[in-house]
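Read-outs throughout are calculated quantities, based only on the coordinates presented, and are distinct from any laboratory measurement. These numbers come from a predicted model, not from an experiment. Reconstructed Cβ throughout: ideal geometry from the backbone, glycine too, with neighbour counts over all protein chains shown.
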Amino acid sequence: MKFKAFLTEHGVGLLEKRFLSAFDKMGKVCHLLLTRDHAIFLHNLLNGDGVQCIAQFRKHALFDDYRISSQNEDRIAFAIDVSLLLRAVRSSVSICTEFGNGPTANRLQIKLVKKLPLNCTQPMPFLTFETKGYKSAVVQDVPISKPLSRAEVLELQTALDLAQDLPQTLVQVPDLNQLQNLVERMKHVGDLLNVSISKYGDLHVQISTTLVTIGSEFRKLLVIGEQAEAPSDDRNLSARTRSEMTISRGDAQHFQVSVKHFSRSIQCQLAKPDCTFYGIAS
Amino acid sequence: MTSSAVEAEAPDLVCQLDSVHGMVDALSAVRWKRHQDAVVELSEHGLVVILEDTGCLQAKVYLQRELFVRYEYNAEGRPRFGVSLGLFVDCLNSFSVPGRSSTIEIQYPGPDMQLLLKSVDSHDVCIYAEIRTRIPDTISWDYHFEPAGSTPLTFTVKSAALKEAMDDLEWPGSSIEIIVQPDPPCVTFKGEGHGDLQIDFTYYVNTDLVLAFHCDHQVSYRYKYKFLRAITSNLPSSVIKDNRGSKLSIGRGGMLKVQHLVSVARAAASHTHNDSASHQQPSRIAYIEFFVKSVVDEVN
């Protein structure tokens, strides 16, 4: 199997400043799935519990001169430590800028290699970052897992396909900072968060223990997918009552999630999204 | 529906506060343990939050009605209820958004005798909280403060200096003796444990530190360190920034009374200069009182 590509300046910016920072908060290790057209970062797709996170890029978004080949329909997947990857990208950036820009500017090449590290008898796989400058070259090797077998890649691809199913109703959440602040505070109160999303564009988040209930309601959010008009007599009800009534009418989906997982998923905003939508998939 | 029936259903209190952060500061000043049960007393004059520890330490936070943007009192008499202080403060913190002033509405009682909180800034985003309350114990605490003689014995020191002194007095690991004497006019805090430490605040010499002093005869009493420590351990940073003074009085039997002033002003309107203590309107201040009983020595 072979993989070689040049990371564009834009691609490096996307990874270093946005997506890898967000992934770093999701967990230590993620999978990287490389296909003929896409580079996909996947977190926790095979485990089932906790936050699952996918960042899918068309190859042109990140790379130039992208070459891949493998016996598994030109698909290669492996596990990689996110913080090591982020560190390698960051230091490559600083090396690149040192040598300047322009047509003769050095380019950042990444490729899959097998090398024999010190004190090892067997060669190990690495994702190597090479910056070739005018007079010198810098090489950084990020260790990766053994590339996934055909069966494992299939498992990953299946999980990825399942995750592509969009919920019926999505609401646009305008202020992730506010939501994050609130959920951070809710962590002190209890473990389980009740979340409901209605077709009227209401997002309701609540945590409850025997001693206290804290909740927040965001109303009149932009809706994508199945929507409905809110009944006018709902306006004067308390947030809690309104949510309960909407659920009993069948106009809202609701579920319970660990407050720690929810809080972690909001960290995705480190990817600096243009807009964020929340929905509850069945 | 007749008007009297509507009144019967109105909650005891509905009030609105435009500075959640200030209220959090005031209540945090009386947190000295992880789990504390507070008693809240409502009246037409405002709220009082009362805490107590093992018969030796009592604290009160006075939140006068003038602090509130809206204060509708409908109860007869003075309803009291118990609530966990930590929970109350954590809930209030959920409403405080950094950099923005948020207005909240507090209502008691809810349909299930809960304390209800909700944000009233925006129609489309609403934060709410419901806190379970309990019926408070009817033990009457014996913290009656009486002046020691015909002239009250009292002095006022810079709150920041008092806090520093309390922090330092941890070091001897002993009970603390407070000695107040008229000539020279001086307050001494003394600890003699596995080390000795003495801190003197002398009036005249340190007019920056001791702002007022009234004492006509020497008194000396001992207090358990952990209770003295509680007086300043969670003083909000605004008290230091506003350069406030704390007033201490010693009453009959050595009962120590400490009064702090905590600003509850909106973040946008707060002043940051040294003389702010005199420029602050009294209505934007919460009063904190501590009462500490002296240690009674077995051998006199």
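Miscellaneous remarks
- In straight-distance terms, cross-link reach from A:K199 covers every one of the lysines whose alpha-carbon lies under 16 Å from its own, apart from those fewer than eight places away in the same chain; here that gives A:K220.
- In this structure the amide hydrogen of B:E52, modeled in the peptide plane, comes within under 5 Å of the amide hydrogens of B:A59, none closer than 5 places in sequence on its chain.
- Anchor B:K241: aspartates and glutamates whose Cα lies under 16 Å away (excluding residues fewer than 8 positions away in-chain): B:D25, B:E164, B:D208, B:D275
- Spacing of the two label points (7 Å from each Cα toward its C-beta) at A:T241 and A:L162, in nm: 4.1 nm
- Geometric extent, Cα atoms of chain B - Rg, Dmax (angstrom): 20.8, 72
- In order along region A:4-17, the Karplus-derived 3J(HN,Hα) couplings, from 6.51 cos²θ - 1.76 cosθ + 1.60 at θ = phi - 60°, round to 8, 7, 10, 6, 6, 4, 4, x, 4, x, 4, 6, 5, 8 Hz, and Gly and Pro are given as x.
- Dividing the mean sequence gap of close Cα pairs (under 8 Å, 6+ apart) by how many residues chain A holds gives a relative contact order of 19 percent.
- Residues with amide H under 5 Å from that of B:D121, placed H, sequence gap 5 or more: B:T103
- Descending semi-axes in Å of region A:2-163, equivalent ellipsoid built from Cα gyration tensor: 26, 18, 16
- Distance histogram in 10 Å bins (all Cα pairs of region B:7-131, percent per bin): 12, 46, 34, 8, 0
- Residue-averaged beta-carbon neighbours from other chains (10 angstrom radius) around A:184-194: 2
- Mean shadow area of region A:161-273 over all directions, Cα convex hull, nm²: 7.9 nm²
- Listed residue pairs exceeding 26 Å between alpha carbons, taken from A:K25/A:K187; B:K158/B:K224; B:K224/B:K257; A:K17/A:K187; B:K118/B:K158; A:K146/A:K260: A:K17/A:K187; B:K118/B:K158; A:K146/A:K260
- Legend: mean number of C-beta atoms from other chains within 10 angstrom of residue C-beta atoms, peptide A:208-214, equals 6.
- Karplus-derived HN-Hα couplings along region A:206-212 (A = 6.51, B = -1.76, C = 1.60, θ = phi - 60°), whole Hz, x at Gly and Pro: 8, 10, 9, 10, 5, 9, 8
- Rounded FRET efficiency, nearest 0.05, which uses the C-beta distance separating A:D65 from B:D37 and R0 of 56 Å: 0.25
- Computed log₁₀ I(q)/I(0) - Debye formula, equal Cα scatterers, no solvent, region B:181-250, q 0.12, 0.15, 0.20 Å⁻¹: -0.40, -0.63, -1.09
- Per-bin percent of Cα-Cα distances, the protein assembly as shown [20 Å]: 17, 35, 29, 18, 2
- Annotation: the residues A:D274, A:D81, B:D196, sorted from fewest to most other C-beta atoms within 10 Å of their own C-beta, follow the order A:D274, B:D196, A:D81.
- Hydrophobic, long helices, defined as DSSP H runs whose alpha-carbon span along the helix axis is 18 Å or greater and whose mean Kyte-Doolittle value is at least 0.0, occur in chain A at A:82-99, A:150-163.
- Area projected by the alpha carbon convex hull of region B:153-292, averaged over all directions, nm²: 8.3 nm²
- Residues of type aspartates and glutamates that A:K114 reaches as a straight line, Cα spacing below 14 Å, ignoring anything fewer than 8 places off in the same chain: A:D141
- The spread of Cα positions in chain A, taken along each principal axis and listed from longest to shortest, comes to 72, 42, 35 Å.
- A Gaussian network model of chain B, with springs between Cα atoms under 10 Å, assigns the largest mean-square fluctuation among B:V205, B:V20, B:V262 to B:V205.
- Hz values of 3J(HN,Hα) by residue in region B:35-47 - Karplus curve (6.51, -1.76, 1.60), Gly and Pro given as x: 10, 9, 9, 9, 10, 10, 10, 9, 8, 5, 8, x, 10
- Look at the stretch B:119-129: the mean tally of other chain Cβ atoms within 10 Å of its residues' Cβ atoms is 6.
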